[in-house]
Amino acid sequence: KLRVNLSLRPGTPMDFRWPEMQALIEHYRLASNSTVMAYDLAWEPSHYDHAYQQRHYTSAWRQWAQKRYGTFAAAKSAWGAGNGADFKLQTPDFNSLAVPPAAWLTQDGPWRRLLADYRLFLDELVGAKYAEARRLVRSIDPNHPVSFRMQHAGDPTLNSPSLMPYDLWGLRDAVDIWEPEAYGRIGDWERVKPGRFTADYARLCDPAKPVVWSEMGNTVWDPARMAPSPERIEWTAQYYRDFYRLMTESGADGVFFWWYPGGYRVNENSDFGILHPDGTDRAITRVIREEGARFLAAPKPPPPNHWI
């Protein structure tokens, strides 16, 4: 049976256009539609790069810090940036407090306590916005869970100055399903394996929520030949097999493969399809047929044998 993780667009919960979303849900009577399995309120959002954070978060960050500490002297003391400290802030007050630079976001240093506060600020900002969007949707449709495609959220191997993912901890009271994406896991088993952390961290944040990989796949397109590459299809089939191993060992609850039909995607110069364009199986599809049944029948992983 077909089930749809239905995207409500445009906009995201950070700038939620509720009257339009409400009109969609009510006009199409989605609350009583059994084909809809969940609502997808955002497509791969993040905190993006430092310039984005400067434009969008500076004022809110200053207000958050002032509310938390009252005086700038108290904030500097808490951050270890007072007199005689190795780490000094050049700003004289909250009104000139800047978003932490990209290097502080990606490298450890004496600024770590300030960074912990900044990350807490981001968690609370995103959590409040997404929780309110979820509340509004559930106020007219209590029948469907609400979440979104979380891109690199929970990825333990991403540390980039050009993209800062959302933190799952901030979303623990704001979504009904954990929906990480797997594009950071493309590679052999050693590259796939860190997805165990993503699943475990999601369950630490809220063990009651299912963990569903909202996008997983790999392009098989060869730009030089302008055709699918047989070698890439075979490699991707093994990647899918390794990913099923990850899901089984981590006790994941599901996956959405990106994408269904094979063929050239014009705006992306890619082919993520699991089928050939004529609808026949690729090696990828055969792996899904073999491993899918095993995954569904697999027992949940055993409890930890050592706690840290």
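The values are calculated or read from the model by the stated rules, or taken from the named source; none is laboratory data. Predicted, not measured: the structure shown is a model, and the values here were computed from it. No Cβ is skipped: glycine too gets one built from the backbone with ideal geometry, and neighbour counts run over all protein chains shown. To get the accessible areas, we keep the full protein, side chains included, count just its heavy atoms, and leave off ligands, DNA and RNA. Shrake-Rupley method; radii C 1.70, N 1.55, O 1.52, S 1.80 Å.
Things to note:
- Verdict on Thr106 being within 21 Å of the chain's Cα centre (by Cα), surrounded by fewer than 19 Cβ atoms within 10 Å (Cβ to Cβ), polar (S, T, N, Q) and over 17 Å from Tyr52 (Cβ atoms): no
- Residues being within 17 Å of the chain's Cα centre (by Cα) and of a type in the set (Asp, Glu) - total across segment 109-164: 3
- Scanning segment 17-47 for residues that are open to solvent by 90 Å² or more (accessible area, probe 1.4 Å), within 20 Å of Val126 (Cβ to Cβ) and of a type outside the set (A, V, I, L, M, F, W, C) yields one hit, Arg17.
- The one condition in (1) open to solvent by less than 30 Å² (accessible area, probe 1.4 Å); (2) free of Cβ contacts under 8 Å to residues at least 12 places away in the same chain; (3) closer than 30 Å to Val192 by Cα that Gly82 fails to fulfil: (3)
- Look at segment 285-308: where a residue is closer than 15 Å to Tyr239 by Cα and a partner is in a helix (DSSP H, G or I) and among the basic types (Lys, Arg), sitting 6+ places away or on another chain with Cβ atoms under 8 Å, you get Val287/Arg241; Glu291/Arg241.
- Filtering Asp200, Asp253, Asp176 for residues that are acidic (Asp, Glu), open to solvent by less than 70 Å² (accessible area, probe 1.4 Å) and either in contact (Cβ under 8 Å) with a residue 40 or more places away in the chain or over 27 Å from Asp108 (Cβ atoms) (or both) leaves a single hit, Asp176.
- Matching entry among Ile186, Ile233 (being modelled with pLDDT of 95 or more, among the aliphatic types (A, V, I, L, M), open to solvent by 30 Å² or more (accessible area, probe 1.4 Å) and closer than 25 Å to Asn269 by Cα): Ile186
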